[in-house]
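Only one structure is covered here, and it is reproduced in the block below.
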Amino acid sequence: MGVSTKTGDKGKTSLFTGERVDKDCLRVEAYGLVDEVNSVLGMARANCKNEEVKATIFALQKMNMSMMAELASTGEVAYITDEAHIAVLDSTIDTIEAQLPPLTAFLIAGDTVGGAALDLARTTIRRAERAVWRLNKTEPVRQQVLIALNRQSDLCFLLMRKEEL
């Protein structure tokens with residue numbers, strides 16, 4: 001199948017599970033913003049110098065693929081964000097935070113291109129998180145997705161700090 005299917009020319013798109021929905025529905029906005037997060041994370045990874053930071057970003061990108069599949073689905077899907085994802089995020093946050101000096105002032109990102117891109121990823125994740133919470137008001141979203149997004153923004157802040165050391 002080619003890239004252009006022409007099936008979306010009238011404002012509808014297909015979910016991962018096959019249902020056709022309006023392109024401007026909350027579910028499409030939610031998984032579209034997680035897709036945007038992945039793009040910004042890719043830009044950050046391409047610009048970061050710290051190999052540990054780059055590896056962590058790549059792991060986030062893979063995690064987000066599962067999250068997008070879940071958000072682009074109704075009902076049960078095989079690719080879901082679970083407690084193990086959250087445990088990895090929590091552990092990674094704890095490890096990186098222990099490596100950094102304590103914060104004593106507000107930070108302004110931008111000392112490095114990679115750090116600036118990670119700060120953009122952090123704010124993009126926050127926007128995606130707000131969209132998923134809006135979706136959750138009309139269609140239940142598993143709490144693990146909401147928690148994972150919240151943790152990812154915290155992790156991007158720490159990765160930015162680590163990259164800019």
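Coordinate-derived values only; no laboratory data. Everything numeric here is computed off the predicted structure, so don't read it as measured data. For neighbour counting, all protein chains shown are included, and Cβ atoms are generated from backbone atoms with ideal geometry for every residue, glycine included.
Quick one: net charge around PHE106, please, counting Lys, Arg +1 and Asp, Glu -1 for every other residue with C-beta under 13 Å from its C-beta.
Here the count lands on 0.
Taking the Cβ of MET160 as the center, what net charge do the other residues with Cβ under 9 Å away carry, scoring Lys and Arg +1 and Asp and Glu -1?
Counting the neighbours of MET160, the net charge comes to 0.
As a footprinting exposure proxy, order VAL141, VAL21 by other Cβ within 10 Å, with the fewest listed first.
VAL21, VAL141
Place +1 on the Cβ of every Lys and Arg and -1 on the Cβ of every Asp and Glu in the chain, take the dipole about the Cα centre, and give the residue among GLY11, THR112, PRO140 whose Cα lies farthest towards its positive end.
The Cα lying farthest towards the positive end belongs to GLY11.
Straight-line reach from LYS162: which aspartates and glutamates fall under 15 Å, measuring Cα to Cα and dropping same-chain residues less than 8 apart?
GLU51, GLU52, ASP94, GLU97, ASP111, ASP119, ASP154
What number do you get for segment 103-165 when its Cα radius of gyration is normalised by 2.2 N^0.38 Å, N = residues?
1.29
Would you list which lysines come within 28 Å of LYS23, measuring only between C-alpha atoms, while excluding same-chain residues fewer than 8 positions from it?
Reachable lysines: LYS6, LYS10, LYS12, LYS62, LYS137.
Under a straight-distance cross-link criterion of Cα-Cα below 12 Å, which aspartates and glutamates are reachable from LYS54, leaving out those fewer than 8 residues away in the same chain?
The reachable aspartates and glutamates, counting only those whose Cα sits under 12 Å from LYS54, are GLU163.
Treat every Asp and Glu Cβ in the chain as -1 and every Lys and Arg Cβ as +1, leave all other atoms uncharged, and give the resulting dipole magnitude about the Cα centre to the nearest 20 debye.
500 debye
Can you give me the pair-distance distribution of the chain, C-alpha pairs, 10 Å bins, whole percents?
Going from the shortest bin to the longest, the percentages are 11, 38, 31, 16, 4, 0.
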